[in-house]
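A.B. asks: Sharing a structure here in structure tokens format.
The values are calculated or read from the model by the stated rules, or taken from the named source; none is laboratory data. Bear in mind the structure is a predicted one, so any value in this text is a computation, not a measurement. Every residue, glycine among them, receives a Cβ derived from its backbone with ideal geometry; neighbour counts consider all protein chains shown. With ligands, DNA and RNA removed, areas are computed over all heavy atoms of the protein, side chains included. Shrake-Rupley method; radii C 1.70, N 1.55, O 1.52, S 1.80 Å.
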Amino acid sequence: MTHSLPVQHNFSLRQLNTFGVAASAQAYLPVSSVEQLQQVRQDPALAALPRLVLGGGSNILLTRDFPGLVLHIGIKGMEIVAEDESATYVRAAAGESWHQFVQWTLAQGLGGLENLSLIPGSVGAAPIQNIGAYGVEIKDSFHSLTLFDFETGEQLVLDRAACMFGYRDSVFKHRLRDRAVVLDVTFALPK
């Protein structure tokens, strides 16, 4: 199958990891849409490659070249999606900078994530690690997330219970490892 994906080969990852390690990816794809993930899944050559999902590159130490496809998640967007008597619900796409998202919530007059500012990385990586600081973790204000499942090709919504958050842990490090790509995350910020 021919594809119109902007896949690059022997791509240097030096600028994409915070340690600045000089490693390369056999194949590299900057991802800006779910449609691109579907195309990867439907392309026999790309689907057969080992996959590494990369966000901000701040929670990875590359020790050698990656012999597969690096999917660099760059899906963007932040919005207030709903409100009820107790919370304002905000959604951010996986490719947004975590710190910039926290700053955006504060600019909207919404508290709840401020203890987590200055944590490096992307919004999509935050629930995988259940990031935390100063007694606050992602799970405390987490509402839901949308993911792309490479095994089924479906988009699924997971709530807090389904994510199985633990200390710096989640279902993404276990059962969903190597098959899920976080697309967006929704938080319930207290009023």
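A.B. asks: Just name the residue that is nearest to Leu145 (Cα to Cα) out of those in region 70-84 that are assigned to a strand (DSSP E or B) and charged (D, E, K, R).
C.D. replies: In this case the residue turns out to be Glu79.
A.B. asks: Is region 151-160 home to any residue that is farther than 22 Å from Ser58 by Cα, open to solvent by less than 20 Å² (accessible area, probe 1.4 Å) and assigned to a loop (DSSP other than H, G, I, E, B)?
C.D. replies: Within region 151-160, one or more residues are farther than 22 Å from Ser58 by Cα, open to solvent by less than 20 Å² (accessible area, probe 1.4 Å) and assigned to a loop (DSSP other than H, G, I, E, B).
A.B. asks: Can you tell me which residue in region 77-92 is farthest from Leu183 (Cα to Cα), limited to those that are over 19 Å from the mean Cα position of the chain (by Cα) and open to solvent by less than 50 Å² (accessible area, probe 1.4 Å)?
C.D. replies: Going through the qualifying residues, I end up with Asp84.
A.B. asks: Out of (1) small (Gly, Ala, Ser); (2) out of contact with any helix residue (DSSP H, G or I) (no Cβ under 8 Å at 6 or more places or on another chain); (3) outside any loop (DSSP other than H, G, I, E, B); (4) within 14 Å of Leu145 (Cα to Cα), what's the single condition that is false for Ala92?
C.D. replies: (2)
A.B. asks: Pairs needed: first member in region 131-149, in contact (Cβ under 8 Å) with a residue 12 or more places away in the chain; second member anywhere, open to solvent by 20 Å² or more (accessible area, probe 1.4 Å) and among the basic types (Lys, Arg); C-beta distance under 7 Å; at least 6 residues apart or different chains.
C.D. replies: Lys139/Arg160; Phe142/Arg160; Asp149/Arg179
A.B. asks: Just give me the residues in region 161-174 being within 16 Å of the chain's Cα centre (by Cα) and buried (at least 17 other Cβ atoms within 10 Å of the Cβ), in sequence order.
C.D. replies: Listed by number, the residues that qualify are Cys163, Phe165, Ser170, Val171, Phe172.
A.B. asks: Taking Leu145, is it part of a strand (DSSP E or B) and open to solvent by less than 10 Å² (accessible area, probe 1.4 Å)?
C.D. replies: Answer is yes for this residue.
A.B. asks: Okay, moving on. Which condition from (1) under 30 Å from Asp178 (Cβ atoms); (2) open to solvent by 40 Å² or more (accessible area, probe 1.4 Å) is the one that Gln108 breaks?
C.D. replies: Here Gln108 clears every test but (1).
A.B. asks: Further question on the same structure: Considering (1) at pLDDT 95 or above; (2) over 18 Å from Ala126 (Cβ atoms), say which one Val21 fails and leave the rest.
C.D. replies: Only one criterion is unmet by Val21, namely (1).
A.B. asks: Something else now. Has region 6-19 got at least one residue that is part of a loop (DSSP other than H, G, I, E, B), within 17 Å of the chain's Cα centre (by Cα) and closer than 16 Å to Thr186 by Cβ?
C.D. replies: no
A.B. asks: Condition check: assigned to a strand (DSSP E or B) and surrounded by fewer than 15 Cβ atoms within 10 Å (Cβ to Cβ). Does Pro67 satisfy that?
C.D. replies: yes
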